[in-house]
Structures are given as C-alpha cells and as structure tokens.
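What follows is a short report on a single structure.
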Amino acid sequence: MDMSQYLEIFIEESKEHLQSLNQSLLQLENNPEDSSMLNEIFRVAHTLKGMSGTMGFNRMAKLTHDMENVLHALRNNELKINTKLVDLLFKCLDALENYVDNITNNSNEGSNEYSEIISALNSAIKDGPESIEIKAESTHNGTDKEQNAGTAATEIVTADIQINEYEQNVINKAREVGMNAFQITVQLNKGCVLKSARAFIIFQSLERYSEVIKSEPKVEDIEDEKFDFEFTVVIVTKEKAELFHRELNSIAEVENVLIKELFEKPVESSAIETKIEDIPAVIAQMSEKEEKTPEKEETEGPKTSASAKAKTGKTVRVDIDRLDVLMNWVSELIITKTRLEGIESLERTQTFNEAVEYLERITTNLHDAVMKVRMVPVETVFNRFPRMIRDISKDLRKDIVLKMTGEETELDRTVIDEIGDPLIHMLRNSADHGIESMEKRKALGKPAEGNIYLRAYQDGNNVMIEVEDDGGGINTEVVKKKAIEKGLLNKDVANNLSQKDIIDYLFRPSFSTADQISALSGRGVGLDVVKTKIETLGGAVEVETELGKGSKFIIRLPLTLAIIQALLVLIGNEKYAIPLGSIQEIKNILPSDIKLVQKQEVILLRNMVVPVIRLDKVLDVPKDEREAKQLTVVIVRKGEKLSGFVVDSIIGQQEIVQKPLGKLFIGNRTVTGATILGDGNVALILDINSLA
C-alpha cells in the first residue's frame, strides 16, 4: 500500500502531538503528582507509536514503544518521577522531533537509532530512575545543537555546482565585456543560530557589487534555513575577487570564504543568445523558473494547540499557498476598485456612486475576512520558549522563570514565520546577560529566582512584543568602553551621547560586551541580526533599561505585510507612498525655518530638534530648482526618533496593496515595495527604517 499520500497528514499531526508533549512535560515537571498530565503524555506517545508504525517508520516506533513502557510504569506507580527521568523524557522528545524533521525534509526517518536513549529507558524500568546515565547527544534542534555545533569540523559539500547552458551563456557574455565571474562558497560558523538572517546580510553585501545568477541551495531554501552551514553562489561582477574576500570575511559568523574564478566555455547552439545588457532579465527568468520548481511546493497548515482540540471538528487544513492566491485576488479587486474611483471621464450618476460604494463595502469585508483566515496566534511561536528557557537555566545554573501573556494575539502568517529566531536571540540574551547568578541576586537583596516576561498585545495596526527581565540592566558605561576599544567611538563624542545612542551600539555587527565566549554569548552575534530581521518585516526595535532593575526590548510589527494604509506624496513628477503607521504629523514650514547643525539640516518642532531629509536628493528625482515659498514636511517616527521628509505636495491617504520588487532590488534600502495606483501607474513605497 502506498503510504506517501498520507505523509503530509502524518507530519502535521506529529508536529501537533510533539508540541502537546512538550507542554505536558513542562507541566509534569512542575507538578509530578498530576496524574491527568501523565495520562496525556502516555496518550500522545501511544498515538505517535501507532502513527509511525503504520507509516513504516520503525525506528521512531521503537523509541516511542520504549518510552511508552516507562510511562506505563509511572502510571502504575512502579516508578517515581525525578529530575533525571524528566530530562530523559525530554531527550526522547528531542529525538522524536529530529525524526519528524528528517521525514519532513527527506521523506525518511534517517538512520539514527538513539540507542543511548533507548538503553537509558530500559535501565530506568529495570534499575529505577536513579540508574539513568546518558551521554550528551545532539538531539535537540534548539539549545543542545547550538551549543555543540561550534566544535564540528568544517567540510566543503558544495564546492562545485553545475552550471547550465543559460547560466554559462550569461558568464560568457559577461567575460566578453571585461566582467568577472566567480563561484563563491561561504561557510558559516557552526554555532550560528540565525543562519537565514546571516545569509540575508551576505546576499545584501554580494548584491551591492554583483549580480547573483545562481545559488546552491536555492535562495528559497536558504531563506527557509534548509541548508547546513554553507552555501555557494555564482556571480558576475566588475570587481576583483579580493573585494569579496574582504567584504564577506568582515561579516560576523562567516568562518571561511572560498572563491573560484569561472571562465568562458562553449555552449550548445540551442542555448539562448544573450546580450550583456539582458543579464538582469536572464537572471529574473531563472529566478522565476526556480520559484516554479516542485521543491518549492511545500504545504504547512495552521498548527493547533492542545488547548484548542475541542474545535478540531470545525477546522479545515488549508495550504498557505492557496491563501496567498486568494489574498492576491483580493488585492487585485482593491486595485480595480481604486481605479474606478479615480476615473474622471465617467458620468458620476447616483447609481454609479452607489455601485462604487457597495463595491467598496464588499472589498473591505472580503479583505477583512481573508486577513482573519491568514491570522495566526503568536502562541504557535511562544510555545517553544518555556522548554528553551528551562534548558538554558540549567546550563547557566540560574533559576529563571519565563512568564508569558498575550499568546492569543494574532499576526499574519507571513510575519509569524519570521519572528521566531529573533525572539530566541532576545530571550537567550536576557537569560545570559540580563539575569544575574543566584548568588549575586541574593547579595543584591533580590529573589534568587529571576523572571523573564514575554508579552504580546495589539496596538492599533501594530502588534507589540516585549521581552523584559528583572536582571541587572544594561551598563551603558561598559557599552561605551567597548565601543571606544573597538574604534567605533572616540572619548570626546562618547561623553556627549545619550543613553539611547549608546545602547544603539549593541545592535552593531560583531559587538559584544561579554568578556568570555560561551555557548550562549560573546561572539557579537544576535542583536544586529535581530534588528535586520525585524526591519525587513517593516518593524522596529526599542530598548528601555534601568541599571540594577532590568531591561525591556520592545518589538513593533505590522499586523500584515500585504495591504496597508499609506499617504501618497508627490516628489518632482513622481508619486511615492509612505506607510501611515509611521507618520506622526504633516507640517508646512518656511525655507528659513530650516537650520544647519553639524552639516545636517534640522527644524525645531515643539522644542525638539528634528533632522530634515530632502527626498528628491535621496531618491535622485529631478525637480524645479526655483525655491518654493513654503515647504511641506512629513514628520515620521522610527522608535523614539523623529525625522522630517520634505515633499513637494500631498496627494492623500489611500489603501494600497504592497507588491514585491523582486530579487534584483534586494540591495535597495530606500524602498520596500511598490503599489499600483488608481490611474494604473506604479508608486514606490518608501522604507522608513532605512531613510529615517
């Protein structure tokens, strides 16, 4: 019987059961006498054993069978729960997660028997929980793997990739006009946690000087972290290899960079003829071809928590790609509605106006309905963190409690998928840098138990996520000293900086205040990647801290990345969109109101000095050289910072549909996307985080 048709159902249900098992084990550890929780764990193990056995995953079935034997003995009071036994059950959970990950990626469970764990399970039944001894195995996808990865040997697995005739033709044409072609293999440090975010920074650096025409693994797989610790790209560029050696090696967590020059080779006559000016078009064509490959056609339905199982009869699994298609059609409907409203040549009869108003109500309701379908509670991300903090507190020998609120707060699925890794970094940062040791806390008159608070709540069109700890806070003097040591600051400037300006140095690449490198910190990796990732989502990170009392990191994220309210402005003869959520106010000023402070144009706004940015110069838009009698300034907010954008005129507020610009514009930091206006023209959407 062909079981492959049931594989996706098996994977989805296994992930749900493992999440339930994770939560139940945490609760059982806190309350060992809870027989109902023990029964729930037994039920999950029994279900997983039956499912894996039916699918032919015998290793997974064997592990769950032996796990079930221990749980059966616990239920019959033949064994008593202790710390060693709970740790062993968590090891079983990690092993099962690895099996499911293998099945997800390779359609098989792999060859790992986890004999150490199985032996420990059998020993627990035979000789009691105190007899349990198990060597550290790299079973956990989170902290265990992260801590042990740094010692693994470096191995080149993608040193030579196959160049097809299309790509070779691009290389040939590039060489003909004096450009270079390189194959670059980048190896990341084995301790790297946010591999995809680090790869994003590497691609940004590459695309400043070159065109990437091939990637192995594919770009989509790199974005989804479906690679080990290295990847290879093929680029065409006017620059020399030395530039890429220097640029890439300067990026944190890059272990090694291997560059191989590529030369002209004859291609078959069937290969497409390409002019060098057509290279971007060929790259775009190849990217589009990659996007349509079968490997990209993954499905991942909404995850259901254990507490919501009563609703399973009223839920349906939907492929996220189908929701994307539905959202795309809703977006097109909104664009068409906007175009109808903007047509001036039509006779505006009462019937026409009523029809347009009715269409607007329908599109608004349809948009709201689709958005609600796409919304996922942040609980799906938060659920993994209690286990992580438990493991970290044991490793650091600290008593840390994670307190979560607002798990029911909802975010768009596209945002949810991206915020997990930044939150991991921030929680690890709080546990390692923020919370003091138990001895130090007692000496300071604090409770030995340290608290980390993870909160989520909605604020208008944004979702706020806070990571707060009651630890020692950020010592700005230490940060200032490190910045001076690294040559990022001189003493004279440092003494005039505000607390916020000093804290901003923590978000610089390769910046760390740790004196020693540990498994959790000291490599200067983390907050720079967090900031980059959050800003690519259209969000921002703010920090509040008080020495001796703790720190709070605040992440502001948009509810959705698809359809937003924006202010349309005119710069020269071109239209641009500014997201409405970033706008503080609009102000008309006289040219004489603009002053020059340290070569920076500023205006005074209610006793605050606000830097002025002339968008026509930043965007290189030609405009009338005659000085206007009055200037329009759009005041935007980025965290606590205000900036003033000088525009020629305000068109008005409009609901716009964000469209991506494609891979060729990844390196562009001034715009985040584009939208189609009512008249059919395209307006670029400004990136406030980069400009402000």
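The values are calculated or read from the model by the stated rules, or taken from the named source; none is laboratory data. The model shown is predicted, which means the values in this text are computed figures rather than measured ones. As a convention, Cβ positions derive from the backbone with ideal geometry for all residues, glycine included, and neighbour counts pool all protein chains shown.
Observations, loosely collected:
- First in the stretch 207-221 and touching a residue at least 40 places away in the same chain (Cβ under 8 Å), second anywhere and among the basic types (Lys, Arg), Cβ under 6 Å, 6 or more apart: 220/296
- Among the candidates 242, 176, 216, 225, residue that is modelled with pLDDT of 80 or more, surrounded by fewer than 21 Cβ atoms within 10 Å (Cβ to Cβ), touching a helix residue (DSSP H, G or I) at 6+ places or on another chain (Cβ under 9 Å) and not assigned by TED's automatic domain parsing to the domain that holds residue 424: 176
- The residue of the stretch 179-208 that is surrounded by the fewest Cβ atoms within 10 Å (Cβ to Cβ), among those that are of a type in the set (A, V, I, L, M) and either in the same structural domain as residue 668 (by TED's automatic domain parsing) or modelled with pLDDT of 85 or more (or both), is 179.
- Selection count where residues are out of contact with any Asp or Glu (no Cβ under 9 Å at 6 or more places or on another chain) and either of a type in the set (A, V, I, L, M, F, W, C) or over 16 Å from residue 538 (Cα atoms) (or both), scope the stretch 645-659: 9
- Looking only at residues of the stretch 185-218 that are more than 24 Å from residue 423 (Cβ to Cβ) and in a helix (DSSP H, G or I), we find that the one that is farthest from the chain's Cα centre (by Cα) is 209.
- Residue among 55, 67 that alone is more than 29 Å from the chain's Cα centre (by Cα) and at pLDDT below 85: 55
- Contacts under 7 angstrom Cβ, first residue in the stretch 577-598 being of a type in the set (Lys, Arg), partner surrounded by 15 or more Cβ atoms within 10 Å (Cβ to Cβ) and at pLDDT 90 or above, 6 or more apart: 587/633; 587/635; 595/602
- Some residue of the stretch 44-52 being under 27 Å from residue 12 (Cβ atoms), more than 34 Å from the chain's Cα centre (by Cα) and either charged (D, E, K, R) or modelled with pLDDT under 90 (or both): yes
- Across the stretch 384-425, the number of residues qualifying as more than 23 Å from residue 529 (Cα to Cα) and without any contact (Cβ under 8 Å) to a residue 24 or more places away in the chain comes to 1.
- The stretch 72-92, residues that are surrounded by fewer than 19 Cβ atoms within 10 Å (Cβ to Cβ) and aliphatic (A, V, I, L, M): 73, 79, 81, 86
- Test: residue 394 is basic (Lys, Arg), outside the structural domain of residue 533 (by TED's automatic domain parsing), surrounded by fewer than 19 Cβ atoms within 10 Å (Cβ to Cβ) and in a helix (DSSP H, G or I): no
- Close pairs from the stretch 554-569: first at pLDDT 90 or above, partner among the aliphatic types (A, V, I, L, M) and not in a strand (DSSP E or B), Cβ under 6 Å, at least 6 apart: 555/534; 567/580
- Boolean, residue 452 is over 22 Å from the mean Cα position of the chain (by Cα), surrounded by 14 or more Cβ atoms within 10 Å (Cβ to Cβ) and not acidic (Asp, Glu): no
- Filtered by the rule that a residue be under 14 Å from residue 128 (Cα atoms), part of a helix (DSSP H, G or I) and basic (Lys, Arg), the stretch 49-85 gives a lone residue, 84.
- Residue check for residue 115: surrounded by 14 or more Cβ atoms within 10 Å (Cβ to Cβ) and modelled with pLDDT of 50 or more: no
- Verdict on residue 91 being farther than 28 Å from residue 7 by Cα and in the same structural domain as residue 31 (by TED's automatic domain parsing): no
- When the test is whether a residue is over 21 Å from residue 404 (Cα atoms) and surrounded by fewer than 18 Cβ atoms within 10 Å (Cβ to Cβ), residue 480 does not pass it.
- Failed condition for residue 411, given (1) within 17 Å of the chain's Cα centre (by Cα); (2) in a helix (DSSP H, G or I); (3) not β-branched (Val, Ile, Thr): (2)
- Taking the listed residues 7, 28, the one that is over 16 Å from residue 96 (Cβ atoms) and modelled with pLDDT under 85 is 7, with no other qualifying.
- The stretch 425-523 holds helices (runs of 4 or more DSSP H) entirely within its bounds, and those carrying 1 or more residues that are modelled with pLDDT of 85 or more and not hydrophobic (A, V, I, L, M, F, W, C) map to 438-443, 476-485.
- Test: residue in the stretch 126-146 that is at pLDDT 85 or above, surrounded by fewer than 19 Cβ atoms within 10 Å (Cβ to Cβ) and of a type in the set (D, E, K, R): no
- Subset of the stretch 340-373 that is closer than 16 Å to residue 658 by Cα and touching a residue at least 60 places away in the same chain (Cβ under 8 Å) - its residue that is surrounded by the fewest Cβ atoms within 10 Å (Cβ to Cβ): 371
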